[in-house]
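The block underneath contains the structure these notes are about, expressed in structure tokens.
The values are calculated or read from the model by the stated rules, or taken from the named source; none is laboratory data. Fair warning: this is a prediction, and the values are worked out from it, not measured in the lab. Every residue, glycine as well, gets a Cβ built from its backbone with ideal geometry; the counts of neighbours run over all protein chains shown. These accessible areas exclude ligands, DNA and RNA; they are computed on the full protein's heavy atoms, side chains included. Shrake-Rupley method; radii C 1.70, N 1.55, O 1.52, S 1.80 Å.
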Amino acid sequence: ILSVVVLFAGVVFIYWAEINMYLSKNKSESDTDLDTHVQSIYNVTTDDSNTERINRWAAALRMFQEKPITGWGPNTYQHKYAPFQISWQKTKISTNMGNLGNAHSEFIGPLAEMGLPGMLLVMLLVVVALNRAMKLFYNGTTLLTKYAGLFITLSLVTYYVHGLLNNYLDVDKANVAIWTAMGSIVALDVFHNKEQNSEVESSS
């Protein structure tokens with residue numbers, strides 16, 4: 001997985017000029033038509049949703065540059081980012097009122113709110129959760145444990161990949177699902193460890 005990520009990053013870096021030129025030619029905007037809607041995903045020049053997302057990321061990075069260690073405090077992004085916007089990056093849906101969402105990234109948001117230590121803790125949480133879930137799949141003693149570990153891993157990977165471009169952990173419906181998945185990992189892991197411990201005790 002790491003090799004694929006490094007390879008992808010290398011290709012993007014090498015061909016960035018060509019990629020940027022191709023993206024700038026895309027004028028498709030979000031629409032009810034599926035084909036047009038899918039094409040609008042990589043429109044970073046005229047689609048308000050995408051350009052506003054870039055505006056929010058840029059503001060978050062400027063916030064991080066001002067307070068790289070402590071950040072601005074948990075859940076403060078939407079109330080503090082307005083002065084960090086640049087006029088030419090603003091869109092028709094930009095606001096200074098702090099009432100239209102957050103940083104649109106589960107990783108860039110913590111970087112602005114909790115500084116570099118906060119973002120590293122979030123990344124550590126992601127790595128530990130996926131690691132434990134994958135161990136359930138590989139080391140589970142029952143099919144139920146194995147498949148539960150696999151399904152939890154896939155669901156978390158889906159959310160974390162999506163979290164690169166958006167964030168919903170401040171929304172109850174998504175929040176409950178993610179923390180339930182992590183709680184399930186703990187419950188299954190503790191149950192699995194108990195089975196292992198009981199086997200060791202019985203054999204001794």
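Brief remarks on what is shown
- Leu61 meets the stated requirement of being within 16 Å of Leu165 (Cβ to Cβ) and open to solvent by 70 Å² or more (accessible area, probe 1.4 Å).
- Search result, residues across the range 95-141 that are in a loop (DSSP other than H, G, I, E, B), open to solvent by 50 Å² or more (accessible area, probe 1.4 Å) and among the polar types (S, T, N, Q): Asn96, Asn99, Thr141
- Of residues in the range 78-94 being among the basic types (Lys, Arg) and either surrounded by 12 or more Cβ atoms within 10 Å (Cβ to Cβ) or within 22 Å of the chain's Cα centre (by Cα) (or both), the one nearest to Thr51 (Cα to Cα): Lys90
- Among the residues of this structure, Ala133 does not count as one that is closer than 30 Å to Pro74 by Cα, modelled with pLDDT of 80 or more and over 19 Å from the mean Cα position of the chain (by Cα).
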